[in-house]
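The values are calculated or read from the model by the stated rules, or taken from the named source; none is laboratory data. Just so it is clear, the model here is predicted, and its values are computed rather than measured. Ideal geometry is used to build each Cβ from the backbone, glycine not excepted, and the neighbour counts take in all protein chains shown.
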Amino acid sequence: MKSRYLPLLLVVGIAALPFVTDIALGRSWVRLLDFALLYAMLALGLNIVVGYAGLLDLGYVAFYAVGAYSYAMLASPHIGIHLPLYVLLPTGALLAAAFGALLGAPTLGLRGDYLAIVTMGFGEIIRIFLRNLSITNGPAGIDLIDPIAIGGFSFSASHTLFGFTLPGIYNYYFLFVGLTTLILLMSKRLEGSRIGRAWAAIREDEIAAKAMGLNTKNLKLLAFAMGATFGGISGVLFAGFQGFVSPESFTMNESVMILCMVVLGGMGHLRGVLLGALLLAILPEAFRPLAQLQQSAFDQVYLDPANLRMLLFAVALIAVMILRPEGLWPSPVRKRELHDKEGDDRPLPPSGQPTGSDSVPGHTGVSAADAGGVA
Amino acid sequence: MDIFLQQVINGLVQGSIYALVALGYTMVYGIIELVNFAHGEVVMVGALVSLSVIERLAARGYSGWTVIVIGLLLAVPACIALGLGIERVAYRPLRKAPRLAPLISAIGVSIALQQLAALIWGRNYLHYPDILPKTQYAIGGAVISEVQVVILIAAAVLMAGLWILVQRTRLGRAMRASAQNPAVAGLMGVDVNRIIATTFAVGSGLAAVAGALVGAYYNVGNHTMGFLLGLKAFTAAVLGGIGSLGGAMLGGLLLGVIENLGAGYMGKLTDGAVGSNYSDVFAFLMLVLVLVLRPSGLLGERGIEKV
């Protein structure tokens, strides 16, 4: 029964969500939903790099920026060019992929944490250029960007359907839902494909993967470029949706936030990543009423609400990681792996064995006889 | 005025601050292979705690270096306690977890500390009271201020002290052993948990001093000041070869000098097209270049990949 009606329920639920949200919480929450979906696309893109191929990328937002600025410059009065979406979407995607390959080519030989810092530096470099170049209009950014339009249908305008007037945020919601679904399906197909399995092999043990004849360098480059492509697409959508881009939208904090979504949800597991993205995008907003609570409880605002809700957000992040290090919704395989590993580490001697500090890695697995032999 | 010499001096001063912070990153990484994302925030807390003390003393008419020292006497223990707390709460429970989990909790700690600081000290930029002597000395066409001299000396003394601690004492030997192989170090009777905590304490103490110095140097503090400083210091640690103490010191100084020379000469070399606002780009490009040519950093050991 469950399997028969669940997809239908899901579709109806997703279609009804913006209307219910609008009525229950207000229109600004529908806008938040749109942003949450944008983040979901970004997180799914980063998931290819971090979750599938196991490469730690701390500058992912750079590709988002490349996509957003490519749309902003080619569809706004800033330069005076107004190209249509069917040109700009591939342009943004290809440009981001090119940047991904450009960054990846010299750096993918690096070990995990070195790669992380280089990607982080790359993200900052892109942002600094955006801030200082005149073609991107410096720190002021670019505004009056054309809304996303397909044919004559502008997504930002209100449209009337069956007597209901739907404002722009609804149109974008359905567009983003569609694209998120598309990216989800692509990721799913990718995961089980030859390439996806090769990525998994690299993630688990690069040397072994190499020994099996995989071209690890090209595969890693492909993961980088693929992730970047999705980042670029999200960027294009962001620019059209927001109508305004500035370098401040692409700080390292954004990269960190997207990474948190992937890891917190359960990396490599699509449902988990989706959950993480939606949760983290909405959580800071959900803490907003606390300010009013404070106001009504003490008649005065003692603690700055903006800081307070980010503080709570951070505490939630730490708490989740400590309680569920594998993520909120990890893939069944990964969960099993982690628990097996734990089992391996603890074949404790049955009795009379002072094991000392049990949190030293690998310590408890060694028997006293071995230690005695050395000492 | 000799621009080259001046930029080198400024770079060395800035670089010695980077180096003090980078040591904290590299020591922690050396032992538990964790990028302590919250380290920059510890520096920020050190700067703001010392600023609070200095402000109160300055309001009562005290001035000069003694005020800074008193500020340090409070900031250092505060940061050590903070470092120990962070390790205990956010990292120790995750020591066996998948590799990215502690990184995320570190990011959480970093955000939490920034927001806490904003709640305590407010979100505006805080300015240091004018209490330090403004004496300047001329050397070979460039000038060096007394503050700069003090920073250089303090950093040198601290780094020498750390070197002795790590290389010549029993505690240092235990630290090096834990870094090499925690399991075997444990078998040899080293309390690895205590050593890790001590490492955090030492790193946080250095961070507190760096924070107070950076505040006194630029005369301004804010709850976000730790972020870029931490990023640069981490860059410095990687540049020098993460896990290596000498590497962190060299990387810090080098990064400071490169950045200042870049800021000083970029405009001239490119005829004003690329100005000093690109100095950060210069620093990061340098990092990419060094890593591509020497993947384990300048002084890092060539890691043998274990199968």
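Conditions (1) within 14 Å of chain A (Cβ to nearest Cβ); (2) in a loop (DSSP other than H, G, I, E, B); (3) among the β-branched types (Val, Ile, Thr), marked per residue:
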position: B:Ile68; (1), (2), (3): no, no, yes
position: B:Arg123; (1), (2), (3): yes, yes, no
position: B:Trp163; (1), (2), (3): no, no, no
position: B:Val166; (1), (2), (3): no, no, yes
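Summed over segment A:244-288, residues that are of a type in the set (Val, Ile, Thr), within 13 Å of chain B (Cβ to nearest Cβ) and closer than 30 Å to A:His78 by Cβ total 3. Beta carbons closer than 6 Å, at least 6 apart along the sequence or on distinct chains, never pair a first residue in segment B:20-39 that is more than 9 Å from B:Gly203 (Cα to Cα) and free of Cβ contacts under 8 Å to residues at least 40 places away in the same chain with a second that is of a type in the set (Gly, Ala, Ser) and not in a helix (DSSP H, G or I). For segment B:72-102, which residues satisfy the criterion of being part of a helix (DSSP H, G or I), farther than 15 Å from B:Glu41 by Cα and at the interface with another protein chain (Cβ under 10 Å from one of its Cβ atoms)? Residues satisfying the conditions are B:Val89, B:Tyr91, B:Arg92, B:Pro93, B:Leu94, B:Leu100, B:Ala101, B:Pro102. Screening A:Asp143 against (1) in contact with an Asp or Glu (Cβ under 7 Å, 6 or more places away or on another chain); (2) closer than 21 Å to A:His82 by Cβ leaves a single unmet condition, (1).
Against the numbered list (1) touching a strand residue (DSSP E or B) at 6+ places or on another chain (Cβ under 9 Å); (2) within 21 Å of A:Leu55 (Cα to Cα), A:Gly235 comes up short only at (2). In the set (1) over 18 Å from the mean Cα position of the chain (by Cα); (2) surrounded by 14 or more Cβ atoms within 10 Å (Cβ to Cβ); (3) over 20 Å from B:Val257 (Cβ atoms), the condition left unmet by B:Leu162 is number (1).
For segment A:1-50, taking the residues that are of a type in the set (Lys, Arg) and either in contact (Cβ under 8 Å) with a residue 12 or more places away in the chain or not in a helix (DSSP H, G or I) (or both), the one that is surrounded by the fewest Cβ atoms within 10 Å (Cβ to Cβ) is identified as A:Arg27.
Hey, does segment B:201-220 have a residue that's surrounded by fewer than 16 Cβ atoms within 10 Å (Cβ to Cβ), modelled with pLDDT of 90 or more and over 14 Å from B:Val43 (Cβ atoms)? Taking every residue of segment B:201-220 in turn, none turns out to be surrounded by fewer than 16 Cβ atoms within 10 Å (Cβ to Cβ), modelled with pLDDT of 90 or more and over 14 Å from B:Val43 (Cβ atoms). Being more than 20 Å from B:His223 (Cβ to Cβ), part of a strand (DSSP E or B) and not basic (Lys, Arg) is the requirement here; does B:Ile144 meet it? Yes; evaluated as a whole, the condition is true for this residue. Taking the conditions (1) closer than 17 Å to A:Leu279 by Cα; (2) modelled with pLDDT under 50; (3) of a type in the set (D, E, K, R) in turn, A:Asp358 satisfies each one other than (1).
The number of residues in segment A:86-114 that are out of contact with any helix residue (DSSP H, G or I) (no Cβ under 6 Å at 6 or more places or on another chain), assigned to a helix (DSSP H, G or I) and within 14 Å of chain B (Cβ to nearest Cβ) comes to 4. Taken over segment A:121-162, the criterion of being among the small types (Gly, Ala, Ser), away from chain B (no Cβ under 14 Å), without any contact (Cβ under 8 Å) to a residue 24 or more places away in the chain and part of a loop (DSSP other than H, G, I, E, B) is satisfied by A:Gly151, A:Gly152, A:Ala157, A:Ser158. Would you point out the residue of segment A:206-227, among those that are surrounded by 13 or more Cβ atoms within 10 Å (Cβ to Cβ) and free of Cβ contacts under 8 Å to residues at least 12 places away in the same chain, that is nearest to A:Gly109 (Cα to Cα)? This residue is A:Glu206. Being assigned to a helix (DSSP H, G or I), closer than 21 Å to A:Tyr71 by Cβ and either more than 14 Å from chain B (Cβ to nearest Cβ) or within 17 Å of the chain's Cα centre (by Cα) (or both) is a property that holds for A:Phe230.
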